[in-house]
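Asker: A single structure is presented below for examination.
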Amino acid sequence: VAARSQSARKFLAPYCNRLSQTTIDHGVNLNSFTFNSQKSKHFICIARLTKVKRVDKVIEKFARFTAKYNGSEYKLYIAGVGEDEQALRELAAKYGVKENVVFCGLLPHKELAELVNQSQAAFIYTMRDLNLVSIPECLACGTPILTTTVPLLSRYIVESGMGQAKDDWTEDDIQYIVEHNDEMIANCHKHRYELSSRYRAEKMISVLSEQI
């Protein structure tokens, strides 16, 4: 058995006699999530519009970024639906970024991939989600991640130079990603194959070969 993360491996250890030291996460179809180094002046947040996702914090930090760093030309695309949508729309208006925050609703897979592909960064402020499929998908597109330390991939993101991970990230961290965008995009390209379904399949075959 190969667990998808060290946390999962720790959970499985008491129950599995043949548990590999190697962890294998879900892979990305690189044909669907194509790489792009030429980004537009916008960011993306992919999340259900519920309190646990803390999209309110994303809007707040984005608003502070636009004010502090003269970022009025930037847009924040929010892809998702949920019971907090109206409250979040009102929050954007309260912070004076109503015209900068675009609520996209549920997008078809192809449209979402294209929007991710063009974004300078993807924002995550979750307080609970350990596994987010959107993280490797964004990285495969060459889109750096700004996240809390909750997702299991947060450490990998930082160590690989593909974004930032802080539990209370701020508008200054957004600006840091803007200033270092080219470097982070290059790192995404460097590690792109590691995110692929093919690479994960090769790892699984290797694990199985070791057990034979």
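The values are calculated or read from the model by the stated rules, or taken from the named source; none is laboratory data. The shown structure was predicted, so the numbers you read here are calculated from the model rather than taken from an experiment. Cβ atoms come from the backbone with ideal geometry, glycine included; neighbour counts cover every protein chain shown. With ligands, DNA and RNA removed, areas are computed over all heavy atoms of the protein, side chains included. Shrake-Rupley method; radii C 1.70, N 1.55, O 1.52, S 1.80 Å.
Asker: Take Asn100 and decide whether it is open to solvent by 10 Å² or more (accessible area, probe 1.4 Å) and touching a residue at least 40 places away in the same chain (Cβ under 8 Å).
Answerer: Taking the combined requirement at face value, the residue does not satisfy it.
Asker: Test Ala67 against the stated conditions and say whether it is open to solvent by 40 Å² or more (accessible area, probe 1.4 Å) and closer than 21 Å to Val178 by Cβ.
Answerer: When the stated conditions are applied, Ala67 passes them.
Asker: Separate question: Scan (1) touching a helix residue (DSSP H, G or I) at 6+ places or on another chain (Cβ under 9 Å); (2) surrounded by fewer than 16 Cβ atoms within 10 Å (Cβ to Cβ); (3) at pLDDT 90 or above for the single condition Arg128 breaks and write down its number.
Answerer: Arg128 satisfies all of (1) touching a helix residue (DSSP H, G or I) at 6+ places or on another chain (Cβ under 9 Å); (2) surrounded by fewer than 16 Cβ atoms within 10 Å (Cβ to Cβ); (3) at pLDDT 90 or above except (3).
Asker: Further question on the same structure: Within region 141-187, can you find the residues that are open to solvent by 10 Å² or more (accessible area, probe 1.4 Å), touching a residue at least 60 places away in the same chain (Cβ under 8 Å) and closer than 21 Å to His26 by Cα?
Answerer: Across region 141-187, the qualifying residues are Leu152, Leu153.
Asker: Working only within region 22-59, note down all residues that are crowded, with 20+ Cβ neighbours inside 10 Å and in contact with a Cys (Cβ under 7 Å, 6 or more places away or on another chain).
Answerer: Phe33, Val55, Val58
Asker: For Phe62, all conditions in the list (1) buried (at least 18 other Cβ atoms within 10 Å of the Cβ); (2) out of contact with any Leu (no Cβ under 7 Å at 6 or more places or on another chain) hold save one; what is the number of the exception?
Answerer: The number of the failed condition is (2).
Asker: Output yes when any residue across region 190-211 is open to solvent by less than 10 Å² (accessible area, probe 1.4 Å), at negative phi and either assigned to a loop (DSSP other than H, G, I, E, B) or aromatic (Phe, Trp, Tyr) (or both), and no when none is.
Answerer: No, region 190-211 has no match at all.
Asker: Collect the residues in region 176-193 that are over 19 Å from Phe43 (Cβ atoms) and within 16 Å of the chain's Cα centre (by Cα), keeping them in residue-number order.
Answerer: Passing the criteria: His189, His191, Arg192.
Asker: Looking only at region 29-53, how many residues end up being of a type in the set (D, E, K, R) and modelled with pLDDT under 95?
Answerer: As a first pass, look at region 29-53 and keep what is of a type in the set (D, E, K, R): 39, 41, 48, 51, 53.
Restricting the remaining residues to those that are modelled with pLDDT under 95 gives 48, 51, 53.
Residues meeting the conditions: 3.
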